1. Name the one entry in GLN359, GLN355, GLN331 that is within 23 Å of the chain's Cα centre (by Cα) and either among the polar types (S, T, N, Q) or modelled with pLDDT under 95 (or both).
2. Taking the options LYS47, LYS52, LYS2, LYS31, name whichever one is closer than 16 Å to ILE349 by Cβ and open to solvent by 40 Å² or more (accessible area, probe 1.4 Å).
3. Does TYR233 satisfy the condition of being of a type in the set (Phe, Trp, Tyr), in contact with a Pro (Cβ under 9 Å, 6 or more places away or on another chain) and closer than 23 Å to THR274 by Cα?
4. Counting only residues that are closer than 16 Å to SER99 by Cβ and free of Cβ contacts under 8 Å to residues at least 60 places away in the same chain, which one in the stretch 72-84 is least open to solvent (accessible area, probe 1.4 Å)?
5. Take the stretch 180-211 and flag every residue that is assigned to a loop (DSSP other than H, G, I, E, B) and at pLDDT 95 or above.
6. So, in the stretch 191-211, exactly how many residues are touching a Leu at 6+ places or on another chain (Cβ under 8 Å) and without any contact (Cβ under 8 Å) to a residue 40 or more places away in the chain?
7. Identify, please: which residue in the stretch 212-231 is assigned to a helix (DSSP H, G or I) and in contact with a Phe, Trp or Tyr (Cβ under 9 Å, 6 or more places away or on another chain) and is, among those, surrounded by the fewest Cβ atoms within 10 Å (Cβ to Cβ)?
8. For the stretch 48-57, state whether one or more residues are under 24 Å from ILE152 (Cα atoms), β-branched (Val, Ile, Thr) and within 23 Å of the chain's Cα centre (by Cα).
Amino acid sequence: MKIGILGTRGIPNHYGGFEQFAEFFATYAAKQGHEVFVYNSHSHPYKEKEFKGVHIVHCYDPENKIGTVGQFIYDLNCIRDARKRGFDIILQLGYTSSSVWFSLHPKNAIVITNMDGLEWKRTKYSKKVQKALQIAERLAVKKSDFLIADSIGIQKYLKEKYNTNSTYIAYGAYNFNNPNPEILEKYQVEKEKFNMILARFEPENNLDMVLEGVTMAEDKTPILVIGNHSTKYGTYLKDKYKSFSNIRFLGAVYNLDYLNNLRYFSNLYFHGHTVGGTNPSLLEAMASKALIAAHNNDFNKGVLKENAYYFTSAEEVKKILNSIKKSNNLQIVENNYAAITTTFNWEKINEQYLQLFKQCLEGASRRK
């Protein structure tokens, strides 16, 4: 198969979840003998034309000059180039800035779109932007040949809202097997004597709810708050909780080994996300043997099932903090770790994508 992957800033990953997936899947598919092309922003630090057997196509991306609108231009440039390549399959990762150009995708290629999360629900967007994102979502559903949902919750949403089918293929993670307690010294914490929450500083990730619960709890175990807090919302939270010495704002931590060790040695790992599909940081927490307390919603429960403690309020966070210890819940931890091996591992997920592509091509051939 000749496969084009659009919708990311490029590989190797220097940005986020879709870029990480594109790197893992593209290199896997190339090893299986497929001809794979990944589109990279011209500003991506990797300037070569090939990466581990994957063809890299560099397209002009003015986002760093003109802001978010530059994403639309970049996506247009990628799709225009794709029209010349003779792809069998185009894998479109996300739709927020590409859906307006979907009608320009090459007619002979099968367009398969990973629908990501419910982007229009993010409170950081104005009402106008949220409306535009809903239109983009509708266009992507209408114009794509096939849809992928990376969570059961997204699959259910697409069926209920658009009466359309999608294929559920989760996101992935690698099991963490190299704990190093010396890393804890950098953060002045001890094994299982700290809690943590890792998230972008956005209201829908419920940092405020978790931290409010921390202030209410009799248990005064330190909680490490990890994420870029140099934002308006971050400033608000830091000011609100500045008098609580057990709430420690660390800022962003990009070293994956450090993050994995913090998750591994934590007592409780809080995951407050409410928007999106299968969240990569949640899978990484499972893979790092963290004991997870998660916001009670379809997305999180679809991944964790009964292997977590759930909350929907600061009061419930307080109760979890006062009563739950990791040492008493090791079976839950092991169940989540095993789920990474059996369900959320990259090898299995990569093969599911390839199998879907083959089925789509076979179906298209039968219809001709």
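1. Only one candidate passes the filter, namely GLN355.
2. Of LYS47, LYS52, LYS2, LYS31, the one residue that is closer than 16 Å to ILE349 by Cβ and open to solvent by 40 Å² or more (accessible area, probe 1.4 Å) is LYS31.
3. In short, yes.
4. Ranking the qualifying residues of the stretch 72-84, first place goes to TYR74.
5. Of everything in the stretch 180-211, those that are assigned to a loop (DSSP other than H, G, I, E, B) and at pLDDT 95 or above turn out to be ASN180, GLN188, VAL189, GLU190, LYS191, GLU192, LYS193, PHE194, ASN206.
6. Of the residues in that region, 3 qualify.
7. THR215
8. No, the stretch 48-57 contains no residue that is under 24 Å from ILE152 (Cα atoms), β-branched (Val, Ile, Thr) and within 23 Å of the chain's Cα centre (by Cα).
The values are calculated or read from the model by the stated rules, or taken from the named source; none is laboratory data. Please read all numbers here as calculations on a predicted model, not as lab measurements. Cβ coordinates were reconstructed from backbone atoms using ideal geometry, including for glycine residues, and neighbour counts include every protein chain displayed. Protein only, heavy atoms only, side chains kept; ligands, DNA and RNA dropped before computing areas. Shrake-Rupley method; radii C 1.70, N 1.55, O 1.52, S 1.80 Å.
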